[in-house]
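Just so you know, all these numbers are worked out from the coordinates, no wet-lab data involved. Since the model is a prediction, treat every value here as computed from it, not as a measurement. Note that each Cβ is placed from the backbone with ideal geometry, even for glycine, and that neighbours are counted across all protein chains shown.
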Amino acid sequence: MIIAQISDTHVLERDEQHFVDNNASLASIIASLNDEDPRPDLVLATGDLTNWGHSGQYEMLEEIISDLQLPVLPLVGNHDVRDLTRQSFPGAPWVDAEHASWITHLDDLTIIGLDSTDPDSHGGVFDESRETWLRSCLDSATGPVILSLHHPPFATGVEWMDSSGFAGLAELRRVIADHSSQIARILCGHFHRPVVTTVEGVTTSVCPAGTYHVGLDLRPGAGQSIIRDPRGYQLHLIDGPSVVTHTRYVDTGEAPFDPGWA
Ligand SMILES: [Fe+2]
Ligand SMILES: [Fe+2]
């Protein structure tokens, strides 16, 4: 089974620009995903799908993503709006709750999309209602679990990105610790650059962004930095509890070459 992950596409309205051409970038990613062989079983989109959550941006998102020949599981990010995201993806298995989370199954794999947003916060949020829901999902899962959420449940070391915080992080990490043997991987977005760590014993990764990236500046007190790193997506090869992750970059301008020794 292959789950493709795209993240932070920050789709704009037609002719709008914000650092880079986010819409063209998503179109390139979709073209590349459609060319994948073998085909991923689904595409997990880990939030910040639109740039400001405007209805015109959701219209563009729907238009661009209509070219994707694979099913999509969307998560909301802090740049998104829950109701507009639900409207744009009516087929997603949304739970009947204020938070826009979902749970679904693919063979014996349970895939959980945890809404880590709050309309009033840039950072992550994990509250009592989400804890009750997540614990019931994990209690009922019989096989391996992929837990996805927009906000990484750890500090990245890039201060200005970490400074928006994660309310209820200790509670979320307690839930993860209680179910660490079940959770095969935690998949996140938001950070706009790939990173991997371990959270309560569970491998946890952030996918590259579909658009501009965060500069890698680990100096204490370093200010904001946005750069044009190669954009891409990840392919997670899942076999039982094993998750092998590959990163595919798009539009790198590089052509294959013969190194001579191959
Ligand atoms: Fe983002
Ligand atoms: Fe975000």
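Using the average count of surrounding beta-carbon atoms within 10 Å as a protection proxy, the listed peptides 214-224, 66-76 rank, highest first, as 66-76, 214-224.
Full extension of the chain between Val20 and His122 yields a length gain of 34.6 nm, computed as 0.36 nm times the residue separation minus the alpha carbon distance. Mean separation of Cα pairs under 8 Å and 6 or more residues apart, divided by the residue count, gives the chain a relative contact order of 20 percent. The slack in the chain from Ile2 to Trp261, taken as 0.36 nm per residue of separation less the alpha-carbon distance, amounts to 90.1 nm.
Fully extending the segment from Asp217 to Thr197, taken as 0.36 nm per residue of separation minus the present Cα-Cα distance, adds 5.5 nm.
If both residues of a DSSP beta bridge must be in region 2-250, then about 55% of such bridges are antiparallel. Determine which residues of region 105-135 fall in the zone a paramagnetic label at Glu171 would reach in this model, i.e. backbone nitrogen under 14 Å from the point 7 Å along Cα→Cβ. The answer is 115-118, 124-135.
Take the Cα of Ser181, step 7 Å toward its Cβ, do the same at Ser136, and the gap between the two points is 2.5 nm. Using just its DSSP H runs of length 4 or more, each adding -39500 (n - 2.57), the chain gives a mean residue ellipticity at 222 nm of -6500 deg cm²/dmol after division by all residues.
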